[in-house]
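The values are calculated or read from the model by the stated rules, or taken from the named source; none is laboratory data. Owing to the predicted nature of the structure, the values given are computational and were not obtained by experimental measurement. So basically every Cβ, Gly included, is an ideal-geometry build from the backbone, and we count neighbours across all protein chains shown. To get the accessible areas, we keep the full protein, side chains included, count just its heavy atoms, and leave off ligands, DNA and RNA. Shrake-Rupley method; radii C 1.70, N 1.55, O 1.52, S 1.80 Å.
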Amino acid sequence: MKILVINNLLEKKHIDRIKSSAKELGGEVSFYNSPSDVPQSDYDADIIYGFAPAIVGTSKTLKWLCVPWAGVDSLMEPGYFANENCLLTNSAGSYGVSIAEHMIAVTLVMMRRLNEFFAETWSGKWLYPRSQKSLKNSRVTVLGTGDIGTTFAKRAKAFEPASIIGVCRSGKSSESVYDKVLCVSELDKILPETDVLAMSLPSTPETQGILSRKRIEMLPEGAYIINVGRGSAIDEEALAENLENGHLAGAALDVFQKEPLPKDSKLWKTKNLLITPHVAGNMTLDYTKDKNVEMFLEDLKNFADGKPLRYLVDRKLGY
């Protein structure tokens, strides 16, 4: 069992854990900082934890690719894997804490208008109080009730919102944090009753353009939108217009249709729009790195024991 770990963000403790587990399971592991560092002699690996498109696209013997991030839409193209039977897992369960904290942070920045205070105090102005809003008694809709959406909902619950409604493909969730869970087909019904719309959807044919102009305009005046899933889910032109005309009180985007966001994009100067450069997740927290490695090692044991992988991606669903 030949294993390649391609990740320059791991710490010594993570490397030691992987080495120890691989040895116990009879595996041989090599570590590289980037795909370009991998020599041709290691292109015959059985397992990759990281990302190496050249190997994935040419190796007929690669049995399992574990990517250390959540979104896998870029890997769904037909023919991407030279071995179509190669197993694919992601690390979606490791980013909930990081991204949920980001979502709470930008929600509070918008509702308490902290971005305005920051901008003006940085320029040396002393401001007087102005009207603000609160998560308390707000109606929160979580579009995408996976690990990220649900971790956000649990944290938002502490702020005593009037309701937290989940919306997902199945219309079902075992999580008690939601007052109600609806199918995506019922999204239009709940949008007019939403003060904060939190989006954490993967990119699939069903989610592309899901927040259309029509649906943005269904939100009540003064609503807020947060998107940490994929930029393809939102009509950016319509979002900008509804921020500029005051229909929406604010939006916070961490993901965009084109990344990096082009310098000439009108979004840079759109009123009441918070922009972050796809940094809500990433392996920037110690917790995220620890959990990421823990998930890989859990499935490494499953793989060695011939058991189903717990974090297997469904290629048909795209997540």
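Leaving ligands, DNA and RNA out of it, rank Glu193, Glu77 by accessible area with a 1.4 Å probe, largest first.
Descending order: Glu77, Glu193.
Considering only protein heavy atoms, what per residue accessible area in square angstrom results for the chain with a 1.4 angstrom probe?
For the chain, the solvent-accessible area averages 49 Å² per residue.
Using Cα pairs closer than 8 Å and at least 6 residues apart in sequence, work out the relative contact order for the chain, in percent.
Result for the chain is 16 percent.
In terms of the Cα gyration tensor, with a ≥ b ≥ c the square roots of its eigenvalues, is the chain rounded because a/c is under 1.5, prolate because a/b exceeds b/c, or oblate?
Prolate.
In square angstrom, rounded to the nearest 10, how much accessible surface does Glu217 have for a 1.4 Å probe?
Answer for Glu217: close to 90 Å² accessible.
Sum up the charges of everything whose Cβ sits under 12 Å from the Cβ of Gly26, counting Lys and Arg as +1 and Asp and Glu as -1, but leave Gly26 out.
Surrounding charge for Gly26 is -1.
What FRET efficiency would be calculated for the residue pair Lys316, Glu28, taking the C-beta separation as r and a Förster radius of 45 Å, to the nearest 0.05?
Rounded to the nearest 0.05, the efficiency is 0.85.
Compute the Cα gyration tensor for the stretch 1-136, then decide on rounded, prolate or oblate, letting a ≥ b ≥ c be the square roots of its eigenvalues: rounded whenever a/c is under 1.5, prolate when a/b is larger than b/c in the other cases, and oblate in all that remain.
The shape class here is prolate.
For Asp314, Asp179, give the ranking by accessible area with the largest first, probe 1.4 Å.
Asp179, Asp314
Carbon and sulfur atoms: what percent of the 1.4 Å accessible area of the chain do they account for?
Of the solvent-accessible surface of the chain, carbon and sulfur hold 52 percent.
Could you work out how far apart the two model spin labels at Thr58 and Met1 are, taking each label as a point 7 Å from the Cα in the direction of the beta carbon, and quote it in nm?
According to this spin-label approximation, the distance is 2.7 nm.
Exceeding 19 Å between C-alpha atoms, which entries from my cross-link table qualify? They are Lys2/Lys60; Lys136/Lys157; Lys154/Lys289.
Too far apart for the 19 Å limit: Lys154/Lys289.
Identify the chymotrypsin sites (Phe, Trp or Tyr not before Pro) of the stretch 234-318 meeting these criteria: DSSP loop state and at most 13 other C-beta atoms within 10 Å of the C-beta.
none
Note down the relative contact order for the stretch 38-138 as a percent, whole number, built from C-alpha pairs under 8 angstrom at least six residues apart.
19
So if R0 is 22 Å, what FRET efficiency would Glu206 and Tyr80 give, r being the distance between their Cβ atoms, rounded to the nearest 0.05?
Efficiency, rounded to the nearest 0.05: 0.65.
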